[in-house]
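**Q** Got a structure for you, questions after.
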Amino acid sequence: MQPVLEISAADDFALWPVGEHESYGYLVLSGELTPAEVGTAVMQIADCNDFEPEEEHGPCPTDPLGTFLHGLLTMADLFAVGGFRVTDNATDTVFVEPGCCNGLETWRDWLEVLNGTGCSYFGHDPSSVAERLGDIVRLTLDAHGTDPVIELSVDQIRTLVTGAQQDLQDFLSVAGIWAEQHLPAHAAAVTAALARALDLVPTP
């Protein structure tokens, strides 16, 4: 299980160094990313939230960097396209892949599978689903297809979710260091915004 961020094209992006990634592919988030990969992730999350905020957020800055970061730094509800992907490493078979309209900010839906309703969907095309059946969790790539399924114990899924959450925390740590180096005037605000976009803000 890995936290993945969907990446779109960034051929003309020049506000900070970014890596080369296939458009609409996934970048695995962790503490092992290179500075260019972190730059790609920050660029993508900021771009996801590049909307015109409401009036109460104040006027949009006129400089290119301020304009690009404005939505990320001022909007209350942030998101990051992607999710937790589950792959059988032995066979490279994917059992859960984030679909359209799924985001990393909803990764706690996995806790619903473990502790709540016992079922959660992760977007569509494909319509990946995780269902708790007693002491096991069944993972299906596409609930509407004939894809293979994998069944893991609740304890195994809990361990995987904990590991993926730690990967997000590790990414946030390196992103904070990256922001101090590349966006010193906005480092604290960008790091805090990333924590909200990835739902890593502690619950009061």
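The values are calculated or read from the model by the stated rules, or taken from the named source; none is laboratory data. Keep in mind the model is a prediction, meaning the values are calculated, not measured. In this analysis, Cβ positions are derived from the backbone assuming ideal geometry, glycine residues included, and neighbour counts consider all displayed protein chains. Side chains are part of the model used for accessible areas, which takes the heavy atoms of the whole protein and leaves out ligands, DNA and RNA. Shrake-Rupley method; radii C 1.70, N 1.55, O 1.52, S 1.80 Å.
**Q** With labels modelled as points extended 7 Å from the Cα through the Cβ direction, what inter-label distance (nm, one decimal) is found for D170 paired with S153?
**A** 2.4
**Q** Okay, next question. To the nearest 0.05, what FRET efficiency results for Y24 and T67 with a Förster distance of 22 Å applied to their C-beta separation?
**A** 0.35
**Q** Distance in nm between label sites at D47 and A188, each 7 Å beyond Cα in the beta-carbon direction?
**A** Here the modelled spin labels are 3.0 nm apart.
**Q** Specify which residue in the list G145, T162, L198 is farthest towards the positive end of the charge dipole of the range 117-204, using unit charges on the beta carbon of Lys, Arg (+1) and Asp, Glu (-1), about the Cα centre.
**A** Final value for the positive-end residue is L198.
**Q** In a Gaussian network model over the chain where Cα atoms closer than 10 Å are linked, find which of S23, S127, S173 has the largest mean-square fluctuation.
**A** Maximum fluctuation in the GNM of the chain, among the listed residues, is at S23.
**Q** Going by average Cβ density within 10 Å per residue, which order do the peptides 154-160, 36-42, 4-10, 59-65 take, highest to lowest?
**A** 36-42, 4-10, 154-160, 59-65
**Q** Using alpha carbons only, how many angstrom separate the centre of the range 3-74 from the centre of the range 169-186?
**A** Each part's Cα centre sits 13 Å from the other's.
**Q** Let me spell out the model: positive unit charges on the Cβ of Lys and Arg, negative unit charges on the Cβ of Asp and Glu, origin at the Cα centre of the chain. What dipole size does that give, in debye rounded to 20? Write down the numbers at each step before the final one.
**A** Working: 6 positive and 32 negative charges, 116 e Å.
The dipole magnitude comes to about 560 debye.
**Q** Run the simple label-point estimate for D88 and A9 please: 7 Å along Cα→C-beta, distance reported in nm.
**A** Taking the two extended label points, one gets 3.6 nm.
**Q** With only Lys, Arg, Asp and Glu charged, each at its Cβ (+1 for the first two, -1 for the last two), find how big the charge dipole of the range 78-191 is about the Cα centre; round to the nearest 20 debye. Intermediate results must be reported in sequence, preceding the final value.
**A** Working: 5 positive and 16 negative charges, 50 e Å.
Charge dipole, the range 78-191, about its Cα centre: 240 debye, nearest 20.
**Q** Right, next: Kindly provide the helix-only [θ] at 222 nm of the chain, computed as the sum of -39,500 (n - 2.57) over DSSP H runs of four or more divided by all residues, to the nearest 500 deg cm²/dmol? Please report the intermediate quantities before stating the final value.
**A** On the way: 5 runs with 72 residues, N = 204.
Dividing the helical sum by the residues of the chain leaves -11500 deg cm²/dmol.
**Q** Now a separate question. Could you give the dipole magnitude of the range 66-135 about its Cα centre, charging the beta-carbon of Lys and Arg +1 and that of Asp and Glu -1, in debye to the nearest 20?
**A** Working: 3 positive and 10 negative charges, 36 e Å.
Charge dipole of the range 66-135: 180 debye, to the nearest 20.
**Q** Right, here's the next one. Which entry in (1) 29, 23, 16; (2) 32, 17, 16; (3) 24, 22, 16 is this structure's computed semi-axes √(5λ) of the Cα gyration tensor in Å?
**A** (2)
**Q** Which angle from 0 to 90°, rounded to the nearest 10, does the C-alpha axis of helix 154-182 make with the longest principal axis of the chain?
**A** Taking the Cα atoms of the chain, the angle to 154-182 is about 10 degrees.
**Q** At 1.4 Å probe size, put D77, D167 in order of accessible surface, largest to smallest.
**A** The residues order as D77, D167, largest area first.
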